[in-house]
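One structure is given below, encoded as structure tokens.
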Amino acid sequence: MSQAKILIVEDDDLQYEIYEEALDQYQLIRAITGRAALAAIGKGPPNLLILDHVLADGELGLDFLPEFRELLPYVPIIVVSGALEVHQQIHALQGPRRAHYCLPKPVDVRELRRTVVTALKECGESEVVRQFEALERSRRVDALDLFSRSTDRLSRQIRIREILGKSSERPNISALAREFGVARRTIIRDLQELIRRGQLEAEVYPEWESPPTDE
């Protein structure tokens, strides 16, 4: 995993320089806001995400954790922050939309390296396999569907962005639903998520906050 891609959501230049030196064997991508990180994920998911809490433009990293977790259900997330109370750290590490690790600032470089190595080895694809095997052992008939649903949604949303980027017309909900073999409400939800993450302009689908009842 030496060529693993790590998305670092960090607005402090000095802190990012520490990451550049400590993690120079990996491919690093930087975002200074949560919205910028969501846009970067839309272009291609990373193998690991390192998240600061206090970001540029007054954003708070943990506010974006649910969206990161939804888009990257099996990608390890490491929260590195000196601005979190103990109860906030515990909250970040609990629940279905949790981070995998939480490290304090100033970060211990050796601990950071060990955590990244462990996360890339034990989480991500390895975690997917373990969860899939557990589903198989439980004999759930929908195991394969559960396994692929999040990946399918992200792939579909990337393709929707490509389609809409080539047209100046408003999206044809029915046509998109037919193309992807999903319900119209699924396409509407995709458009809403893309606009909410700043990956599509709201003008593309003006009804995104309150779509017509016939859709």
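The values are calculated or read from the model by the stated rules, or taken from the named source; none is laboratory data. Remember, predicted model here, so these are calculated numbers, not experimental data. Every residue, glycine among them, receives a Cβ derived from its backbone with ideal geometry; neighbour counts consider all protein chains shown. In case anyone asks, the SASA skips ligands and DNA or RNA and just uses the protein heavy atoms, side chains included. Shrake-Rupley method; radii C 1.70, N 1.55, O 1.52, S 1.80 Å.
Using the per-residue mean of other Cβ atoms lying within 10 Å as a proxy for protection, in what order, highest first, do the peptides 72-78, 186-192, 201-207 fall? Kindly include the intermediate steps, with their values, before the conclusion.
Values: 72-78: 21.4, 186-192: 19.7, 201-207: 13.7.
Per-residue mean Cβ counts within 10 Å order the peptides as 72-78, 186-192, 201-207.
Under the √(5λ) rule applied to the eigenvalues of the Cα gyration tensor, what semi-axes describe the equivalent ellipsoid of the range 23-68? Give them in Å, descending.
On the way: eigenvalues 65, 30, 18 Å².
The equivalent ellipsoid of the range 23-68 has semi-axes of 18, 12, 10 Å.
What nm distance separates the two modelled labels at R98 and S174, each placed 7 Å from Cα along Cα→Cβ?
Taking the two extended label points, one gets 4.7 nm.
Using a 1.4 Å probe over the heavy atoms of the protein chains, calculate the carbon and sulfur portion of the accessible area of the range 14-81 as a whole percent.
Working: 1360 of 2650 Å².
After summing per-atom areas, the C and S share lands at 51 percent.
Taking 7 Å along the Cα-to-C-beta vector as the label spot, tell me the K105-T118 distance in nanometres, rounded to one decimal.
2.2
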